[in-house]
Amino acid sequence: MKQLNFVIDNATGLHARPAKVFVKTAKQFKSDIRVLHGSKKVNAKSLIAVLGLGVEHGGTIQVELDGVDEELAAEALQTAVATGLGEGEHKPEPATTNLVAAKPAPGKPAAPTPVAVDKLPKNGLRGVAAAPGLAIGPVFQLRQTAVTLTQEFAGVAAEQDRLETALACGQEQLFALRQKVAAQAPEEAAIFDVHRELLTDDGLLEAVQQKIEARQNAGQAWQATIEEQAAQLSALDDPLLAARAADIRDVGNRILKLLAGDDSSDVQWPDHPVVVIAHDLTPSDTATLDPQKVLGFATAVGGPTAHSAIIARALSLPAVVSVGEGLLDVADGTAVILNGSNGMIQVNPDEAAQNEAKSQLAAAKKQQQVASEQAAEPAITLDNHRMEIAANIGGVADAQKANQSGAEGVGLLRTEFLFLDRATPPSEDEQFAVYRQIAEAMEGKPVIIRTLDIGGDKPLPYVKVPPEDNPFLGERGLRLCLNRPELMQEQLRAILRAASYGSLRIMFPMVADMSEWHAAKTMVDEIRAELNAPEVPVGIMIEIPAAALMADLFAKEVDFFSIGTNDLTQYTLAMDRMHPTLAGKSDGLHPAVLRLIDATVRGAHASGKWVGVCGELGADPQATPILLGLGVDELSVSVPSIALVKAKIRSLNRAEAQKLAAKALACATARQVRDLVGD
Ligand code: PEP
Ligand code: MG
C-alpha cells in the first residue's frame, strides 16, 4: 500500500479535462487506487466520482494505491499531476459564462458574440446567442417524456445480461451519432466519445451492480444510480460540473430507454418546418434533429458553450439558449423570428418585421445558392484544369442526396454503418442489396466501397478483439479483416455481386504493408473468379505514413489511392484524432502531412494512377488550393460541402496553386501554411 499527497495546481482544479487525464492515467494500472479529499474517498478510476470530489485550484488530495503495480501507478500519477494533467500551461477550461464564445471547429462559424445593446423587439424574448443565423417559422414544443420502467426482477444474472446488452447497444448508437456529427464537425463529435466513456465508468457500473445484487432490476438500478451521480455533481454548484451532470443524464436516459424497450424517438412532428423550443436539449437530441424539419431552436436553459449549442453550430442550425422558462409559454404554432446571432426571439412579429427578416435570410442564403446552382457543373479551374469532386457517404439516403447535390461519384462509402447497431453481422444478401441500391442511386457514376474499417476504437459486439492499450495502433481496418477472413470474404462477395449494377470500386483501409495488399487483392481475385463477376478497380487508402512513403511501389499494383487525411495526420503527428486537447492542433495542413501527400501523388502519377483525398482536409477551403497544386486528382467531401468545394476550385488558377503548394512544402509549421494561404 502506498500513499501520496498532491496539490492540484490547475486553474480550475480537478475539473473535466484534468480529471479525465487523472482517471485515464489511473485506469492503466491494475492496483486499487482511491482518492481522498475532505471527508470523501472515491475510486480514482471513476471519472464521475473524481469530478464529484469538487477539488478546486490549490486543493489537496491524498491518493492510496494498493496492488502489484502500485509503484508504477504512483510514478505515473505523479508525472501526470506535475505536468499539468493535460493542461501543461495550466490553461483554464473556458468558464461557462454567457459571454464566452466556444472555439470554432475549423471552417465552422464561431459562437456568435452576444450583442447586449440590441433593443428587445416588441413581444420579444431575450436569450443567449448560441448558433448564428435566422429562423422564421411556427413554434413546436419538444417535450421530454418520462421513461416507464417495469417492476419485475428476473434474477441477478438476467438483469446483468440486460444491462450489458443495453450498454453495448448504447455504445453503438453513440458511435453512429458521433459519425454523423463527425461528418460535419469532427471536433464536436468528441462529446459522444465522452458519453461512451461514461458508459464504462467503474464507479457508475459498480454502483449499478450493487443495486442489482440487492434485487433491483437493471432499469431501476440504472435510473437510481444515474440520478444519484448526476445530483452529486449538480449539488457542487459549479457550471462546469453541471454540464457533466447533464451529460450523465443524457447518456443515462439513452440506456434507460434501451432497458425499457422504449423508442420514444417517434415524436409526432408537424408536416411543415418548425422552430423547436424546449426546456433544454441534450447533445443527442440536438444531433438527431432533422434539418429538413427544424429551422432552428431555442431552449429555456443551457449556455453557448454547452455541447448542444456546439452541435447546433456544426449542423448550421440557428439557436438561442437560456431564454428562461417564459419561453415555454409560447404556444405551438405561434410565429417567431429567432435570431441566433443576437439571441433574440420575436414572438408574433408583424408583417414588416417578418419581411425584413426574410430578406436578411435570403441574402445569407444567396452565397450558398450561387454555389448550389452550379453544383452539377464540373469543377474547372480558371486555367482549365478539371478536378473531380465526389462524396463521402454512409448509406443509401446519402447516395441519393449526393447524386442530387452534384457529386461526380462516391469517393468513400464508409460501410461500417451496415455493421453497427446490431448483434450479428449483416448477411451477404443484405449487404448486396444495399451496395446495389447505392450503385443504382449513383446512376453509373463511380462508387468507391471501402471494406470494413472497424476495430479498436470502433468495437462491434460480434467481433471480439482483446482489450488493447493503443486501439488506434492495434487490430483495426484491413488488419482485422485479414485476421477474420470470413467477414471480409462475405463483404467482397456482396460487392462483386453488386458490381454489375453500376460502377463499383473496392478500397482497403489502413494498409501499412505490401503483404496486406497482396493478401486482400488475392481474396478479391479469387472471389471474382468464383462469381464470374466483372472486373472492378481496386485501390487502397493512404492513411499510414508507411504507405505514403511506399506509394511508388504500391502504385505499380493498385488502381488508385485515396488519402485519408484524418488518420494520416494522426499517425504522422502522433496525435490522437479524438484527443480532447490535441485534436485542435492535429492539422492536416502540417507540412509533414503535405510532404506525404506530395510523395503519394508523385508515386501514383509516375505509374499513371490517380489520387483522391477523402479525409476532412478535402473540404477545408484553405487546403483546396494546396491539394490542387500538389496534383491531387479528386476530392471526396461530405454532401453539404460539394457545391462550395466546386465553387472554390472554379475560383482558382492551377499554375498559381502549384507555386503555392511548393511554398507550403517548404514551410515549418501548419500555422505558417495557413498564413501563407490566407483567407
Ligand atoms: C480518414 O482517415 O481520413 C478517413 C477518411 O477515414 P475515417 O475518417 O473513416 O477513418
Ligand atoms: Mg481513416
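In this structure, does residue 633 turn out to be touching an Asp or Glu at 6+ places or on another chain (Cβ under 9 Å) and more than 14 Å from ligand 1 (Cβ to nearest atom)? So residue 633 passes the test.
From the set of residues in the stretch 310-361 that are of a type in the set (A, V, I, L, M) and at pLDDT below 85, which is surrounded by the fewest Cβ atoms within 10 Å (Cβ to Cβ)? Let's see the steps before the verdict.
At the first step, the residues of the stretch 310-361 found to be of a type in the set (A, V, I, L, M) are 310-312, 314-315, 317, 319-321, 323, 327-328, 330-331, 335-338, 344-345, 347, 352-353, 357, 361.
Remaining after also requiring at pLDDT below 85: 310-312, 314-315.
Numbers: 310: 28, 311: 30, 312: 32, 314: 24, 315: 21.
The residue in question is 315.
Among the numbered conditions (1) modelled with pLDDT of 90 or more; (2) within 25 Å of the chain's Cα centre (by Cα); (3) open to solvent by 40 Å² or more (accessible area, probe 1.4 Å), the only one that residue 307 does not meet is (1). For residues that are assigned to a loop (DSSP other than H, G, I, E, B) and surrounded by 15 or more Cβ atoms within 10 Å (Cβ to Cβ), scanning just the stretch 270-287, find the one that is modelled with the highest pLDDT. By that ranking, first place goes to 273.
So, of the residues in the stretch 437-451 that are in a helix (DSSP H, G or I) and crowded, with 21+ Cβ neighbours inside 10 Å, which turns out to be nearest to ligand 2 (Cβ to nearest atom)?
Only one residue tops the list, namely 438.
Screening residue 569 with (1) hydroxyl-bearing (Ser, Thr, Tyr); (2) more than 30 Å from residue 586 (Cβ to Cβ); (3) within 16 Å of ligand 2 (Cβ to nearest atom) gives one miss only, at (2). Selection of the stretch 62-99 for residues being open to solvent by 70 Å² or more (accessible area, probe 1.4 Å), β-branched (Val, Ile, Thr) and modelled with pLDDT under 85 yields only 83. Residue 500 passes every criterion in (1) more than 23 Å from residue 555 (Cα to Cα); (2) open to solvent by less than 10 Å² (accessible area, probe 1.4 Å); (3) hydroxyl-bearing (Ser, Thr, Tyr) apart from (2). Between 409, 502, 455, the distinction of being within 16 Å of ligand 2 (Cβ to nearest atom) and in contact (Cβ under 8 Å) with a residue 12 or more places away in the chain belongs to 455 only. If you go through the stretch 610-624 and keep only what is crowded, with 22+ Cβ neighbours inside 10 Å and farther than 15 Å from residue 670 by Cβ, you end up with 611, 612, 613, 614, 618, 619, 624. Return yes or no: is residue 507 surrounded by fewer than 21 Cβ atoms within 10 Å (Cβ to Cβ), within 15 Å of ligand 1 (Cβ to nearest atom) and assigned by TED's automatic domain parsing to the domain that holds residue 488? Criteria not met by residue 507.
Take residues that are farther than 25 Å from residue 399 by Cβ and of a type outside the set (Asp, Glu) and tell me which of the helices (runs of 4 or more DSSP H) falling wholly in the stretch 453-544 contain 2 or more. Explain how you work it out, then say what you get.
On the way: elements: 477-483, 485-498, 514-531.
Filter on the stretch 453-544 gives 477-483, 514-531.
Could you check the stretch 458-478 and list, in sequence order, the residues that are within 13 Å of ligand 2 (Cβ to nearest atom), of a type in the set (D, E, K, R) and open to solvent by 10 Å² or more (accessible area, probe 1.4 Å)? The one that is within 13 Å of ligand 2 (Cβ to nearest atom), of a type in the set (D, E, K, R) and open to solvent by 10 Å² or more (accessible area, probe 1.4 Å): 458.
The values are calculated or read from the model by the stated rules, or taken from the named source; none is laboratory data. All figures in this text were calculated on a predicted structure; none of them were measured in a lab. Neighbour counts run over all protein chains shown; Cβ positions are idealised from the backbone, glycine included. Just the protein is used for accessible areas: all its heavy atoms, side chains included, with ligands, DNA and RNA removed. Shrake-Rupley method; radii C 1.70, N 1.55, O 1.52, S 1.80 Å.
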